[in-house]
Amino acid sequence: MALATAIILPNGARLLDQTVAQAVFFEFQRDVLQLRREANRSGAAITVLSAGAEPENPTERTLALREGWSYALTPALAIDEAGACAPGEAILMRNAAPIMRLRVEGADCRFIRYLPAPGRR
(Lines give C-alpha, C1' and ligand atoms only; values in the text may rest on other atoms or scores of the structure.)
Protein backbone atom coordinates (compact mmCIF):
# COMPACT_ATOMS: atom_id res chain seq x y z
CA MET A 1 0.00 0.00 0.00
CA ALA A 2 2.81 2.41 0.87
CA LEU A 3 4.52 1.70 -2.44
CA ALA A 4 1.31 2.39 -4.36
CA THR A 5 0.85 5.65 -2.49
CA ALA A 6 4.46 6.66 -3.18
CA ILE A 7 3.90 6.10 -6.90
CA ILE A 8 0.39 7.51 -7.30
CA LEU A 9 0.60 10.71 -5.23
CA PRO A 10 3.47 12.39 -7.12
CA ASN A 11 1.92 11.41 -10.46
CA GLY A 12 -1.47 12.69 -9.35
CA ALA A 13 0.03 16.01 -8.26
CA ARG A 14 1.87 16.37 -11.58
CA LEU A 15 -1.30 15.55 -13.50
CA LEU A 16 -3.22 18.17 -11.52
CA ASP A 17 -0.50 20.77 -12.21
CA GLN A 18 -0.64 19.99 -15.94
CA THR A 19 -4.42 20.26 -15.94
CA VAL A 20 -4.34 23.65 -14.20
CA ALA A 21 -1.66 24.90 -16.62
CA GLN A 22 -3.79 23.84 -19.59
CA ALA A 23 -6.84 25.57 -18.08
CA VAL A 24 -4.85 28.80 -17.61
CA PHE A 25 -3.69 28.57 -21.23
CA PHE A 26 -7.28 28.16 -22.46
CA GLU A 27 -8.42 31.13 -20.34
CA PHE A 28 -5.53 33.25 -21.68
CA GLN A 29 -6.42 32.29 -25.26
CA ARG A 30 -10.13 33.01 -24.65
CA ASP A 31 -9.35 36.48 -23.26
CA VAL A 32 -7.13 37.33 -26.26
CA LEU A 33 -9.84 36.19 -28.68
CA GLN A 34 -12.40 38.35 -26.86
CA LEU A 35 -10.12 41.35 -27.33
CA ARG A 36 -9.75 40.41 -31.00
CA ARG A 37 -13.54 40.44 -31.41
CA GLU A 38 -13.74 43.75 -29.56
CA ALA A 39 -11.13 45.33 -31.86
CA ASN A 40 -13.00 44.07 -34.91
CA ARG A 41 -16.40 45.30 -33.69
CA SER A 42 -15.18 48.70 -32.54
CA GLY A 43 -12.79 49.29 -35.44
CA ALA A 44 -10.09 50.38 -32.97
CA ALA A 45 -6.71 48.70 -32.54
CA ILE A 46 -5.88 47.18 -29.13
CA THR A 47 -2.47 46.50 -27.61
CA VAL A 48 -2.20 43.79 -24.96
CA LEU A 49 0.58 44.55 -22.48
CA SER A 50 2.48 42.11 -20.29
CA ALA A 51 1.08 41.42 -16.83
CA GLY A 52 1.98 44.10 -14.33
CA ALA A 53 2.30 46.85 -16.95
CA GLU A 54 0.15 49.94 -16.51
CA PRO A 55 -2.02 50.83 -19.52
CA GLU A 56 -1.45 54.46 -20.44
CA ASN A 57 -4.39 54.88 -22.80
CA PRO A 58 -7.74 53.19 -23.51
CA THR A 59 -6.34 51.08 -26.35
CA GLU A 60 -3.87 49.28 -24.05
CA ARG A 61 -5.04 46.33 -21.98
CA THR A 62 -3.73 43.70 -19.61
CA LEU A 63 -5.27 40.32 -18.87
CA ALA A 64 -6.15 38.88 -15.47
CA LEU A 65 -5.06 35.29 -14.90
CA ARG A 66 -5.66 33.02 -11.93
CA GLU A 67 -3.96 33.86 -8.66
CA GLY A 68 -0.26 33.02 -8.78
CA TRP A 69 -0.18 33.10 -12.59
CA SER A 70 1.18 35.83 -14.84
CA TYR A 71 2.34 36.25 -18.42
CA ALA A 72 4.97 38.12 -20.41
CA LEU A 73 4.53 39.16 -24.04
CA THR A 74 7.42 39.78 -26.42
CA PRO A 75 6.62 42.24 -27.95
CA ALA A 76 3.30 43.58 -26.65
CA LEU A 77 0.54 41.91 -28.64
CA ALA A 78 -0.83 44.29 -31.26
CA ILE A 79 -4.35 43.59 -32.52
CA ASP A 80 -5.30 45.83 -35.45
CA GLU A 81 -8.73 47.35 -36.11
CA ALA A 82 -9.70 44.35 -38.25
CA GLY A 83 -8.89 41.93 -35.41
CA ALA A 84 -5.60 40.62 -36.86
CA CYS A 85 -2.68 39.95 -34.51
CA ALA A 86 0.97 40.71 -35.11
CA PRO A 87 3.46 37.86 -34.56
CA GLY A 88 4.82 37.51 -31.04
CA GLU A 89 5.56 35.26 -28.13
CA ALA A 90 4.13 34.76 -24.66
CA ILE A 91 5.33 32.99 -21.55
CA LEU A 92 2.81 31.82 -18.97
CA MET A 93 4.36 31.78 -15.51
CA ARG A 94 3.32 30.37 -12.18
CA ASN A 95 4.90 32.11 -9.20
CA ALA A 96 7.39 33.73 -11.65
CA ALA A 97 8.57 30.33 -12.96
CA PRO A 98 8.04 29.80 -16.72
CA ILE A 99 5.53 27.01 -17.30
CA MET A 100 4.47 27.36 -20.92
CA ARG A 101 5.98 29.13 -23.93
CA LEU A 102 3.56 30.23 -26.62
CA ARG A 103 3.83 31.77 -30.06
CA VAL A 104 1.23 33.55 -32.17
CA GLU A 105 2.09 33.37 -35.85
CA GLY A 106 -1.08 33.99 -37.80
CA ALA A 107 -3.44 36.93 -37.91
CA ASP A 108 -6.12 34.80 -36.19
CA CYS A 109 -4.50 35.39 -32.75
CA ARG A 110 -4.25 31.69 -31.90
CA PHE A 111 -1.34 30.78 -29.66
CA ILE A 112 0.55 27.52 -30.07
CA ARG A 113 2.86 25.93 -27.54
CA TYR A 114 6.50 25.51 -28.56
CA LEU A 115 9.91 24.66 -27.19
CA PRO A 116 12.57 27.32 -27.73
CA ALA A 117 15.69 26.46 -29.70
CA PRO A 118 18.69 25.35 -27.60
CA GLY A 119 20.56 28.32 -26.16
CA ARG A 120 17.54 30.59 -26.49
CA ARG A 121 15.44 31.64 -23.51
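Residue-level check: of (1) surrounded by 14 or more Cβ atoms within 10 Å (Cβ to Cβ); (2) in contact with a strand residue (DSSP E or B) (Cβ under 9 Å, 6 or more places away or on another chain); (3) assigned to a helix (DSSP H, G or I), residue 71 misses just (3).
Counting only residues that are surrounded by fewer than 17 Cβ atoms within 10 Å (Cβ to Cβ), over 11 Å from residue 68 (Cα atoms) and either out of contact with any Asp or Glu (no Cβ under 8 Å at 6 or more places or on another chain) or hydroxyl-bearing (Ser, Thr, Tyr) (or both), how many does region 87-98 have?
Looking only at that region, the number is 1.
Can you find a residue that is closer than 17 Å to residue 101 by Cβ, surrounded by 17 or more Cβ atoms within 10 Å (Cβ to Cβ) and touching a residue at least 60 places away in the same chain (Cβ under 8 Å) anywhere in region 36-57? No, every residue in region 36-57 fails to be closer than 17 Å to residue 101 by Cβ, surrounded by 17 or more Cβ atoms within 10 Å (Cβ to Cβ) and touching a residue at least 60 places away in the same chain (Cβ under 8 Å).
Being in a loop (DSSP other than H, G, I, E, B), surrounded by 17 or more Cβ atoms within 10 Å (Cβ to Cβ) and either of a type outside the set (A, V, I, L, M, F, W, C) or under 14 Å from the mean Cα position of the chain (by Cα) (or both): is that true of residue 102 here?
Numbers: in a loop (DSSP other than H, G, I, E, B): no; surrounded by 17 or more Cβ atoms within 10 Å (Cβ to Cβ): yes; either of a type outside the set (A, V, I, L, M, F, W, C) or under 14 Å from the mean Cα position of the chain (by Cα) (or both): yes.
In short, no.
Considering region 40-65, and only residues there that are over 18 Å from residue 25 (Cα atoms) and of a type in the set (Val, Ile, Thr), the residue that is nearest to the chain's Cα centre (by Cα) turns out to be 47.
Answer yes or no: is there a residue in region 74-97 that is part of a helix (DSSP H, G or I) and either at pLDDT 95 or above or within 18 Å of the chain's Cα centre (by Cα) (or both). No.
The values are calculated or read from the model by the stated rules, or taken from the named source; none is laboratory data. Remember, it's a predicted structure, so these values are computed and weren't measured experimentally. For neighbour counting, all protein chains shown are included, and Cβ atoms are generated from backbone atoms with ideal geometry for every residue, glycine included.
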